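A short reminder: the numbers here are calculations on the coordinates, not readings from a lab. Worth saying up front: this structure is predicted, and the values here are computed from it rather than measured. Heads up, the Cβs are rebuilt from the backbone with ideal geometry, glycines too, and the neighbour counts pull from every protein chain shown.
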Amino acid sequence: MKNKSPIAWRIVSLILLIGWMGLIFCLSQQNAEMSSDLSGGLIERVISFLFPNISADALENIIASLQFSVRKTAHFALYGILGIFSFMTFATYYSLKLGVRFILSLSVSMLYSVSDEYHQTFVSGRSGELRDILIDSLGALTGIIFALIIYKIHKAIKNKGSKKMKKKQYIELTDTLTQRLNVEKKRSEELKEENSFLNKELSQLKERIIALEKQIEEKPTETEIEAVPEVEEKIPEKTPDEPSLSDGISEGAKIIGKIVLCSAEYCNRLTGADASANAKELVNLILGRTEVAKAEILRLSALQIDPAERKSAMERELNEAEDYFKSVMAQKY
């Protein structure tokens, strides 16, 4: 992807370029007498400043001898600055190769020199000269080369700073990734241990549920007891090792078993191969809600209320626990 040109810098450079072209145009618009007075006046001020006691004749001779050189030097300097502004403008077009920008800058300066000399042919006492075009072009070339050198130096300094910054960022990123990797390894080990613990607990719960269901199936119903009253008299009292389960406790045991199985299933899904970053927190939420549900079921089992109402309350607690587990799973990321 190519870099976008800095619009603000391009606009400023273009304003400077057009403004300097306007200044050159205004200077070329002066007739021969005004142009001579301008250059002569400039020489006079400089000489008078350097040599305050110089005579008028000597000053006039110096002005006459230097005026041609000063005028041509002015041509060179004016177009040198024009070349700098021209290169500054095209330098902002990053989509162009540097050589193309150089040629465009020089072409604009030379074409403006040609148009300026042609413009002078319409000014009184002035003329267009090939010699001036060559001087102007040489000045523009010098200015462009100077601007190009500055541009290269600036770019080299910027790239050097950018490389240092990239190296520093690479080292920081490497350290961060290493720390993150160590944290992830540690978390993975913790999740494996928790998964192993949950699997073991799930197996124990399944065995307990099977034993409870078997014990419930073996308990005689009230109808069977009424049909054989004489057997009831012969049934010995149960020892403490053989506890009697009421209907509420039996129903509660089944509901607790379902809640525990459901909880273990969701915990296994959270701590599996695709365990998320917040798996540990979600597992704790599920286990906490499981304990709350178990406590509520045990409370309902001990209440002396209508069996149908108690069963409905237990099933409602089971449904609420399952809905909570599902909402916790939705937080996985």
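The alpha carbon centroids of the range 289-333 and the range 95-145 are separated by 92 Å. In terms of distances greater than 25 angstrom between alpha carbons, the cross-link table entries LYS200/LYS326; LYS97/LYS155; LYS185/LYS280; LYS254/LYS280 yield LYS254/LYS280. The Cβ shell under 13 Å around ILE133 holds other residues with a net charge of -3, Lys and Arg each +1, Asp and Glu each -1. The order of PHE325, PHE76, going from fewest to most other C-beta atoms within 10 Å of their C-beta, is PHE76, PHE325. Quick check: from the Cα gyration tensor, does the range 262-306 come out rounded (a/c under 1.5), prolate or oblate? Because a/c hits 1.5 or more and a/b exceeds b/c, the range 262-306 counts as prolate.
Under a model in which nothing but the beta-carbon of Lys, Arg (+1) and Asp, Glu (-1) is charged, the range 7-174 shows a dipole of about 1840 debye around its Cα centre.
Highest mean packing first, where packing is the average number of other Cβ atoms within 10 Å per residue, the peptides 198-206, 251-259 line up as 251-259, 198-206. When a/c reaches 1.5 or more, the comparison of a/b and b/c decides; with that in mind, is the range 7-174 rounded, prolate or oblate per its Cα gyration tensor? Note, shape of the range 7-174 comes out prolate. Can you bin the range 79-193 into rounded, prolate or oblate? Criterion: square roots of the alpha carbon gyration tensor eigenvalues sorted a ≥ b ≥ c, rounded for a/c under 1.5, prolate for a/b above b/c, oblate for the rest. Note, shape of the range 79-193 comes out prolate. With each label modelled as a point 7 angstrom along the Cα→C-beta vector, the VAL70-GLU201 pair spans 10.0 nm.
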